[in-house]
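**Q** Let me begin by handing over the structure; questions about it come next.
Nothing in this text is a laboratory measurement; each read-out follows from the coordinates by a stated rule. Computed from a prediction, not measured in an experiment: that's the story for all the values here. Cβ sites come from the backbone with ideal geometry, for glycine too, and all protein chains shown count toward neighbours.
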Amino acid sequence: MSAVATAGTVPSLWTLAAEPLEAPKIEYGQLSPVIIVLGVAVLGILLEAFLPRRVRYGAQLVVTALGLVSAFAAVLGLAVTGHATTKRAVVGMGALAVDGPTLFLQGTILLVGLVSVFVFAERRLEPKSQTAHVDSFAAQPAAVPGGEGEREANAAGWTTTEVYPLLLFAVGGMLLFPAANDLLTLFIALEVFSLPLYLLCALARRRRLLSQESAVKYFLLGAFSSAFLLFGAALIYGYAGTFAYSGIARVIGNADRQTTAVLAETAGSDALLLIGGALVVMGLLFKVGAVPFHMWTPDVYQGAPTPVTGFMAAATKVAAFGALLRLLYVALEGLRWDWRPVMWGVAIVTMIAGAVIAITQTDVKRLLAYSSIAHAGFLLAGVIATEGRGVSSVLFYLGAYSFVTLGAFAVITLVRDAGGEATHLSKWAGLGRRSPLLATAFSVFLLAFAGIPATSGFIGKFAVFAAAAEGGATPLVVVGVIASAIAAFFYIRVMVLMFFSEPKADGPTVAVPSVWTTSAIAIGVVVTLVLGVFPQYFLDLASQAGVFVR
Amino acid sequence: MSFPLLTATAALPAVGAIATAAVPAARKRVAKWVALLFSVATLALAVAVLVRFDPDGERYQLTESHSWIRDFGVRYELGVDGIAAVLIALTALLLPFIIGAAWHDADDLEPTRPNRRWRPTQGFFAMMLAVEAMVVMSFAATDVFLFYVFFEAMLIPMYFLIGGFGDRAHAAGEEEAGKQRSYAAVKFLLYNLAGGLIMLAAVIGLFVVTSDQLGEGTYSLQQIVQARADGDFQLGTNTERLLFLGFFFAFAVKAPLWPLHTWLPNAMGESTAPVAVLITAVVDKVGTFAMLRFCLGLFPEASAWATPVVIVLALVSILYGALLAVGQRDMKRLIAYASISHFGFIVLGIFAMTSQGQSGATLYMVFHGVSTAALMLVAGFLISRRGSRLIADYGGVQKVAPVLAGTFLVGGLATLSLPGLAPFISEFLVLVGTFSRYPVAGIVATAGIILAALYVLLMYQRTMTGPVEKSVVREMPDLRPRELAVVAPLIALLIFFGVFPQSLTGIVNPAVEHTMSDVQKKDPKPDHPVADKGWFDYKPVDGHAGGDHK
C-alpha cells in the first residue's frame, strides 16, 4: 500500500492510524454514572419500540427514574470512596476526568434530571383527551401543526413518551460535558446533550409553531457555536499537537513541545492558541448564555415546553459552567492573563445587559430567560476568581441556582388559561389572592433569584462575590451588586403583580397538579430554604470538590 | 450553658408568626389573640433581658456564640450592650400596642365567600411578628453577617405589610389607593434593597480584609474590635472609608437621612397607622442603631472623617423634614416628615461624638418610638372614623371626642418635645452634646424645635379646634375601650420617662462610653464647669451615671 510505504518517510496524521492499536482501558467503575444513564436511555428507546402505547408512560417513568437514581447512587459511591479528592484521576484514555468538580456537578445534574422527570410526568394539567390523560408534549410531533394528523393524534389521546429517553440522552451528555478532559470529548459531549435538547424544544403540545421556531433557532445558533468550538479545537490542535487538556497546558507552559513534522510550521504559534482558545470559549459561552452569545435564550426559553425549559435552564447551565471551568483552569491556566480581562468584560456586560433588558419583559418565561443571563454573569464573576474558592463558589451557586430555576418553571406550568399556559405577566395579576400557596412558592424562588438572605440565592451570590473580591476583582463585585439591585426591581414587580394587583375577571386559573409537579415545587422550595439557612454542609462539599485533576 | 435568652426573645415572635399563620381561615379572632399573646410573652422576655443586663458588667452580655457558616467566617453571635437591650425592650414594648391598634385593619380584606387559602388577617399579624423577630435579631447580633441577613430579610414582610394592607377608605377610590400603595411598597423595597446590596459589597469587602490580615475571615464585631485594639488589624485609610460608606449608605437609607428619605412619606402615608408605627418606631431604629454599633465600632477613623458631612446631612434632615411637615395636608405624611426631622436629631447626636449626644441619641430612639406611636396611632383612629387622611377634612373634633383629642394633643406635645414629656430629655441631651463640640450645628438644630411646635400645633388646631362643621365629625365616636387601652399606656410611659429618665440613662451610658472609647473621643472640657449636679443627674466621660438600677 502506498500509504504504508510513505508512512516512514513523511509523517502525517494518517500514519497514526497505521500504528498498532492498544486496547483502550476503560475504568468502568468511575464511568458508571454515565454508562448507567446512557444505557437506560437505550433501554428506553427499546421500550418505545416494543411496548404497547398504553403501558409506555408508566414503564418509561419507572425506568427513567430508576436509572437516574442509580446513577446518582453511583456518583455518591464514587464520592464516598474518595474519587472526588484523594483518588481523583483521568480515565478513559485521558478523555475524561473524574474529580471533585465532575462528581459534584454530575450529582447536581442527576438530581436536576430527576426532578425534571417529575415535571415531565405531569398529566393533570391539560384537559383530558377522550381516552387518556395527556402531558404537555405534542401528541404526534411529526404531524403538521393544525393539520389532520394532529387532530387525529389528539383525539386518540397519544402522548410522546420518547421525551424520557431524550431527557436521559441529554443528561448523559451533560454528565460527560464537565468531565471532558480533551477537546474532542468536549465537542462530542456537547453534541450528545444538545441534539436531544433541540428535539425536546420542538415538542410543545400548545403553540406548536412557536415551539418549532424556537427549536430551529436553537439548533441553528447551536450549530454555529458548535462549529466555532470545533474550529477552535482544530486551531488549538495546530498549536499544541494534542487535544488533551493536560497536553495543551504543558505546551502553553513551555514544558515540552513534541510536534510532528506536519505541525512544525504552526506549532507554538500564539495566534493559533489565542484564536483557538477564544473560539472554544465562545462555544461554551453560547451554552452558558453569556452576552453577546445570549440571543437564543429568550426565544428558546419562551417557545420550548415549560418542563423542558426548566430542565434546560438548570442542567445546561450546570454542565456548561463545569466544562468552562475545566477548560479555563486545566487547559488554559497558562493563558490566565489573556482570558481574564476578556472574561471580565463578558461578565460585566452579561450582568448589566441581563438585568437591564429583563426590566422591559412582559412574558414571564422571557423574564426568567434574561434573569438567567444575569445569573450567568454572576457566575462568571466567580469563574474569574481563583481556583479553590472561586471554583467551589461557582459549584455551590450552580447547585443552588438550578433548583430555584426548576421550581420557578414548575410553577409556570400551573398557571393556565384556555390557551394553555398563561405566561403573559398581565395575566398573573392577583394570583396571590387566588392561590396564595403557589404565589408564595413562586415568591420564594423570586427572592432567591434576587439574592435575599435566608434563600440559597443569597449564599450563592455571597460566595461568588466574596471569591471574586478575594481574587482582586472588586470592580466586578460592585457591578454585580448594582446589577443585583436592578434585577431586584423586576423580580419585585412580579411579586407586586401577584399580591397587590386585583385579580382579573378573565384571568388564568391555577390548575391543580398531581403529586408530581407538587413534589417538584416542594423540593425546589425546601432546597432553596435549606441551602439558604444551613449552607455549611453544602459549602463544605463544594470546597472539597473545588480542585481539578490535571 | 445558660439559657439562650436573646435567641428566645427573637424566636418567640417567630414561633408566634408561624402559629398565627397556621390558624384556620374561619378563626380570625383566634389569630389576633394568638398574635397578641405572643407579643406580650415576647415583652416579658425582653423585660427579662433588661433585668438580667448588668449596666456595670461586661460590654456585651447574655452572649451566645455558635458556628454557622464556617466558610465565610460567619458565627451565630448574639450579645447586647445597654443600647441594644433598651432598643429590644422598645421593640417588644411597642408590638402589643401596634397589634392592638391594628385589630380590625385586615378585616376589610376578608373574603366575602369563605376561602380556605386566602387568610389576610392571619398573614397580617404573622408578618408583624416576623418583623419583630427580625428586628430583635438585628439588635442582638454581634456578627456583621448575621446582622446583615436580618437587616435585609425584614424588608420582605415589611413590603407586604405596606403594599398589602391600606386604610379602609381612601379619598381617591379603591383602585387609585391600591396603585399608590403598591408604588409606596415598591419604593420602600427598592430604596432599602439598593442600600442593602451596596452594603453587601462592603460586607464582602470586610471579609476579604479580615481574612487577609487575621488569617481567617471573621465578622465577629468583638473579635475585630479586639484585634484592632491589639494592633493586629489595621485598615488602610481608603479601604476603611469605602467600607464605611458602604455600611453608612444602607443605614442612611433605613434611618432615613436626607436625601435618601423620600420613601418614608410614601410608605407611612399609604400603610395603615399601626404599620406606619412599625416602620418608623421599630424598623427604622435598626438603621440608626447600626450606625452606632457598626459604623462607629468597625470604622472609627472613617466615621471621624465623615462626621462633618454627616452632621450637615443631619441638620438638613432636621430642617427640611420639619419644613415639609409644616406644609403637609395629609396627617400621616406630616408625621412621616416629622420623623425625618427627628431622625436627623438622632444622627446628629450619634455623630456629635460626645457622650451626651450619643446617650441622647439612644434615648431619642426610644422616646421617639413611643411618642410617634402614640401620635400616629391616635391619628389612625381619627382617620378610621372619617376615612380621610387630609387635615382639611376635620375640625372641632375635641368637642365631640374629647378623649381622642386629648390623647392626640399629648402625643403631639411629646413630638414637639415639651418639657416634662420624655422626648424633651433626649432632644435636650442631643442638643447639649452637639453644642459642646459643634456650637453652630447645635444652634441650627434648635431651629428644628421651633418648627416642630409649628407643625404639631397647626395640625392640632386645624383638626381638633374650631366649630364642628362637617356632619361626619358631628357623629364621630370617642375612643373605644380597645383604642384607649392602646394609647393610655404609651402616654403614661411618656410622662414616666419625662420625669425619671435616669432609669434608662443608667443602662445606656456605659455602652455609650464603650462606643466613645472605640472612636477614641473624649468629651470636650466645658468652659464653665458646673459645681453641683442638678436634678437631672448626668456625669459625662468617666464614671457611670447614677441610676435607680442598683
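**Q** Putting +1 on Lys and Arg Cβ atoms and -1 on Asp and Glu Cβ atoms, find which of B:Phe500, B:Leu390, B:Gly357 reaches farthest to the positive end of the dipole of the range B:299-524.
**A** Looking along the dipole axis, the top candidate is B:Leu390.
**Q** Now, a different point. At most 11 other C-beta atoms within 10 Å and a DSSP loop state: those are the exposed GluC sites (Glu not before Pro) I care about. Give me the longest piece of chain A that has none. It would help to have the intermediate numbers written out before the result.
**A** Details: sites that count: A:Glu22, A:Glu265.
Result, exposed sites excluded: A:266-550.
**Q** Also, I was wondering about something else. Mind checking the dipole of chain A: about its Cα centre, +1 per Lys or Arg Cβ, -1 per Asp or Glu Cβ, Debye to the nearest 20?
**A** Working: 33 positive and 29 negative charges, 232 e Å.
I would put it at about 1120 debye.
**Q** Which value in deg cm²/dmol, rounded to the nearest 500, describes the helix-derived mean residue ellipticity at 222 nm for chain A, given -39,500 (n - 2.57) per DSSP H run of n ≥ 4 and division by the residue count? List each step's numbers first, then the result.
**A** Details: 23 runs with 368 residues, N = 550.
The helix contribution divided over chain A gives -22000 deg cm²/dmol.
**Q** What value, in deg cm²/dmol to 500, does the helix sum -39500 (n - 2.57) over DSSP H runs of n ≥ 4 give at 222 nm once divided by the residues of chain B?
**A** Numbers: 22 runs with 373 residues, N = 550.
Only helices count here, giving -22500 deg cm²/dmol.
**Q** Across every pair of different alpha-carbon atoms, what Kirkwood hydrodynamic radius in Å does the range B:339-464 reach? List each step's numbers first, then the result.
**A** Numbers: mean 1/r = 0.0665 Å⁻¹.
Final number for the Kirkwood radius of the range B:339-464 is 15.0 Å.
**Q** Mind checking the dipole of the protein assembly as shown: about its Cα centre, +1 per Lys or Arg Cβ, -1 per Asp or Glu Cβ, Debye to the nearest 20?
**A** Values: 73 positive and 70 negative charges, 508 e Å.
Using Cβ point charges on Lys, Arg, Asp and Glu, the protein assembly as shown gives about 2440 debye.
**Q** Could you work out how far apart the two model spin labels at A:Lys25 and B:Ala304 are, taking each label as a point 7 Å from the Cα in the direction of the beta carbon, and quote it in nm?
**A** With each label point 7 Å from Cα toward Cβ, the separation is 6.8 nm.
**Q** Contact order normalised by length for chain A, with contacts defined as Cα pairs under 8 Å and 6 or more residues apart; what percent is it?
**A** Values: 1000 pairs, mean separation 87.0, N = 550.
Dividing the mean separation by the residue count of chain A yields 16 percent.
**Q** Additional query: Setting aside same-chain residues fewer than 8 positions from B:Lys521, which lysines have a Cα under 30 Å from its Cα?
**A** Reachable lysines: B:Lys254, B:Lys285, B:Lys533, B:Lys539, B:Lys550.
**Q** Give me D for the range A:50-162 in µm² s⁻¹, whole number, from Stokes-Einstein with Rh from the Kirkwood sum over alpha-carbon pairs, 25 °C and 0.890 mPa s.
**A** Values: Rh = 16.8 Å.
The estimated diffusion coefficient comes to 146 µm²/s.
**Q** Using Stokes-Einstein with the Kirkwood hydrodynamic radius over Cα pairs, what translational diffusion coefficient do you get for chain B at 25 °C and a viscosity of 0.890 mPa s, in µm²/s rounded to a whole number?
**A** D, rounded to a whole number, is 105 µm²/s.
**Q** Restricting everything to alpha-carbon atoms, can you work out Rg to Rh for the range A:126-215 with a Kirkwood hydrodynamic radius? Could you put the intermediate results ahead of the total?
**A** On the way: Rg = 15.9 Å, Rh = 14.3 Å.
My calculation of the ratio gives 1.11.
**Q** Starting with the fewest neighbours, write out B:Val135, A:Val40 ranked by other beta-carbon atoms found within 10 Å of each beta-carbon.
**A** Values: B:Val135 28, A:Val40 24.
Ordered by Cβ neighbours within 10 Å, fewest first: A:Val40, B:Val135.
**Q** For the range A:491-550 and the range A:169-204, write down the distance between their C-alpha centroids in whole Å.
**A** Computed from Cα coordinates, the inter-centre distance equals 25 Å.
**Q** Mind checking the dipole of the range B:299-524: about its Cα centre, +1 per Lys or Arg Cβ, -1 per Asp or Glu Cβ, Debye to the nearest 20?
**A** Details: 15 positive and 11 negative charges, 138 e Å.
The calculated dipole for the range B:299-524 is roughly 660 debye.
**Q** Answer with one residue from A:Pro178, A:Pro513, A:Ala320: the one whose Cα lies farthest towards the positive end of the charge dipole of the range A:24-544, charges on Cβ with Lys, Arg +1 and Asp, Glu -1.
**A** Of A:Pro178, A:Pro513, A:Ala320, it is A:Pro513.
**Q** Convex hull over the alpha-carbon atoms of the range B:299-524: what's its volume per residue in Å³? Walk me through the intermediate numbers first.
**A** Values: hull volume 24.4 nm³, N = 226.
That works out to 108 Å³ per residue.
**Q** Dividing the convex hull volume of the Cα atoms of the protein assembly as shown by its residue count, what figure in Å³ per residue is obtained? Please report the intermediate quantities before stating the final value.
**A** On the way: hull volume 193.9 nm³, N = 1100.
Here the figure is 176 Å³ per residue.
**Q** What trypsin sites (Lys or Arg not before Pro) does the range B:434-478 have in DSSP loop regions with at most 14 other beta carbons within 10 Å?
**A** none
**Q** Here is a further query. Counting partner chain Cβ atoms within 10 Å of every residue's Cβ in B:65-75, what's the average? Walk me through the numbers before you get to the answer.
**A** Details: counts 0, 0, 1, 4, 8, 4, 15, 7, 1, 4, 0.
The per-residue average across the peptide is 4.
**Q** Tabulate in residue order the Karplus-calculated ³J(HN,Hα) for the range A:411-416, using 6.51 cos²θ - 1.76 cosθ + 1.60 with θ = phi - 60°, rounded to whole Hz; enter x for Gly and Pro.
**A** Working through the residues one at a time gives 5, 4, 5, 8, 8, 9 Hz.
**Q** Report ³J(HN,Hα) in whole Hz for each residue of the range B:211-216, in order, from the Karplus equation J = 6.51 cos²θ - 1.76 cosθ + 1.60 where θ = phi - 60°; Gly and Pro get x.
**A** Per residue, the Karplus-derived 3J(HN,Hα) values read 5, 5, 9, 9, x, 9 Hz.
**Q** Based on the Kirkwood radius over alpha-carbon pairs, what value in µm²/s does the Stokes-Einstein equation return for the translational diffusion coefficient of the range A:445-489 at 10 °C and 1.306 mPa s? Don't jump to the answer; show the numbers that get you there.
**A** Numbers: Rh = 10.5 Å.
The calculation lands on 151 µm²/s.
**Q** Can you tell which of B:Trp103, B:Met134, B:Gln222 lies farthest toward the positive end of the dipole of chain B, using +1 and -1 charges on the Cβ of basic and acidic side chains (Lys, Arg; Asp, Glu)?
**A** With unit charges placed on the Cβ atoms, the residue in question is B:Trp103.
**Q** Let me know the Kirkwood hydrodynamic radius for the range A:24-544, please, with Cα pairs as the basis and the value in Å to one decimal.
**A** Values: mean 1/r = 0.0432 Å⁻¹.
After inverting the mean inverse Cα-Cα distance, the result is 23.2 Å.
**Q** Please sort by residue number the chymotrypsin sites (Phe, Trp or Tyr not before Pro) in the range A:327-358 whose DSSP state is loop and whose Cβ has at most 16 other Cβ atoms within 10 Å.
**A** Numbers: sites: A:Tyr329, A:Trp337, A:Trp339, A:Trp344; in loops: none.
Passing both the DSSP loop test and the Cβ count: no residue.
**Q** Between B:Arg462 and A:Thr86, what is the spin-label point distance in nm, taking each point 7 Å from the Cα along the Cα→C-beta axis?
**A** Rounded to a tenth, the inter-label distance reads 7.9 nm.
**Q** So the label point goes 7 Å from the Cα of B:Val312 along Cα→C-beta, right? Which residues of the range B:433-447 then have their backbone N under 18 Å from it?
**A** B:438-445
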